[in-house]
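Undergrad: One structure, as C-alpha cells, below. Some questions next.
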Amino acid sequence: MSFYNRNITKQGVLLFFCILISIFFLKLFYEDSKLKSLPIPSNQDDELLSLPFEKSFEHERSIFFIEGFGKDHIPARMICSIESAALAHRNTPIDVMMTSQILRKSEGIKSLLKAYSNVRFLYLNATALYMESPMKEWFLNKMWVQSKFPEINFDDPLRFLLLFKYGGIYLDMDTIVLKNLEKEENFVGLEIDEHINSAIMGFRKGHPLLNDCIEEMTKHFDGEAWGVNGPVLITKIFRRRDDLDKIFEDDNEFANTLLNDPNFLTLHFYNQLTKTRTISLKRQSIFSVLARNLCPITAFVFNYSF
Ligand SMILES: *[C@@H]1O[C@H](CO)[C@@H](O)[C@H](O)[C@H]1NC(C)=O
C-alpha cells in the first residue's frame, strides 16, 4: 500500500468515527427528547419506577401495599408497616405499588431495601388497571371526580382490582404485621367484634367475593359518603376514635399479648387519624413496643421517634 493510499484509509477511518459519533449523539438527543414526556427524577435519590412484568405476580403470593394518591414519598410509620410485613414474610415478595412513577428514596427507604431483599417498589398504572377491569365504565364515567372524596374513591377500588387480577394479600400502609399471614386463605381483617375492614385481606385470583365487591362498587356508587367504596362499614369504626389513643398509651402487657397471642395477626393504627402525633419509640406504649420489635431498622433510622 502506498503512502497516499494509507492516508486515504486513515481519513476514511476518521470520517467513519465522526459519523458514528454523530449518530451516537443524535441517538442520545433523540432519546432525551423522548424522555421529556416522562417524569424526570429531580435529584439523585429519586428513582423512576418501572412497570412490573405480569409474571412477577403469577404465584399469587405477593403482599401488596398501594400508594394510590400519586405521592412520591413514604412517611416513617408507613415504612415501618412495610418493614413489619417484610420481617414476618422473609421469602415473600412485598410489592409496594406506587401510582407515582417516581419514588423519593429517603434514608428510611434505602435502609429498608438494603435490609430486605424481598421488598420491591413498582409502578402501578391505575388507569390501565381500571381500563382492563369490570370497572372500566365506572372509571370512564368519572363519577368519583365530582364526588366529595375524589382521591379516596379513586384509591379504594384499586386493592380489589389488584387482588382480583393477581391474587395475594393486600395491606393498608398503616398496618403493623404481628405474625406471618400466609397460613390464612381468602380472608378479610376483623376490625372489632362485628366489623370487617378491607384494610387487610387476602384472596386467590378471581375470587367470587372480590367480584361481588367490584360489582357492588360499580352499581351502587355513592360518592358523598366517606369510604363507601368498600364492603365495610368503616365509617362507624372511625367514630370510635377514642380507642385509637390506647395504642399510644403505655401498656407493655397488652403489647406482649399482641406479639405472642397467635389470634392477633395485625394492628391497624389508622394513620389518617393518628399521623399528627409523634411518639418516642423508646416508651412502653403499645405502638412503641411493636415498632421496636417489628420494624427495628426503620425505628433505628428514624432515631426511635415517629
Ligand atoms: C397507563 O395506561 C394507560 C392506559 O393503558 C396508557 O395510555 C398510559 O400511557 C400508561 N401510562 C404509563 C406512564 O405507562
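Undergrad: Name the shape class, rounded, prolate or oblate, that the alpha-carbon gyration tensor gives for the range 43-86, where a ≥ b ≥ c are the square roots of its eigenvalues, rounded holds for a/c under 1.5, and otherwise prolate holds if a/b is larger than b/c and oblate otherwise. Intermediate values should be presented prior to the final figure.
TA: On the way: a/c = 2.14, a/b = 1.24, b/c = 1.73.
Because a/c hits 1.5 or more and a/b fails to exceed b/c, the range 43-86 counts as oblate.
Undergrad: Order of TRP138, TRP144 from fewest to most other C-beta atoms within 10 Å?
TA: On the way: TRP138 18, TRP144 21.
Ranked by crowding around the Cβ, least crowded first: TRP138, TRP144.
Undergrad: Give the shape of the range 77-214 as rounded, prolate or oblate, defined through the alpha-carbon gyration tensor: a ≥ b ≥ c are the square roots of its eigenvalues, a/c under 1.5 means rounded, and otherwise the shape is prolate if a/b is larger than b/c and oblate if not. Intermediate results must be reported in sequence, preceding the final value.
TA: On the way: a/c = 1.78, a/b = 1.29, b/c = 1.38.
It is oblate, given that a/c is not under 1.5 and a/b is not larger than b/c.
Undergrad: Let me ask something else. When only C-alpha pairs under 8 Å and at least 6 residues apart count, what is the relative contact order of the range 71-192, in percent?
TA: Details: 103 pairs, mean separation 38.0, N = 122.
The normalised contact order for the range 71-192 reaches 31 percent.
Undergrad: Compute the Cα gyration tensor for the range 44-133, then decide on rounded, prolate or oblate, letting a ≥ b ≥ c be the square roots of its eigenvalues: rounded whenever a/c is under 1.5, prolate when a/b is larger than b/c in the other cases, and oblate in all that remain.
TA: Working: a/c = 1.80, a/b = 1.16, b/c = 1.55.
Judged from the Cα gyration tensor, the range 44-133 comes out oblate (a/c at least 1.5, b/c at or above a/b).
We did not get these values from a lab; they are worked out from the coordinates using the rules stated. Everything numeric here is computed off the predicted structure, so don't read it as measured data. Note: ideal-geometry Cβ built from the backbone for every residue, glycine included; neighbour counts use all protein chains shown.
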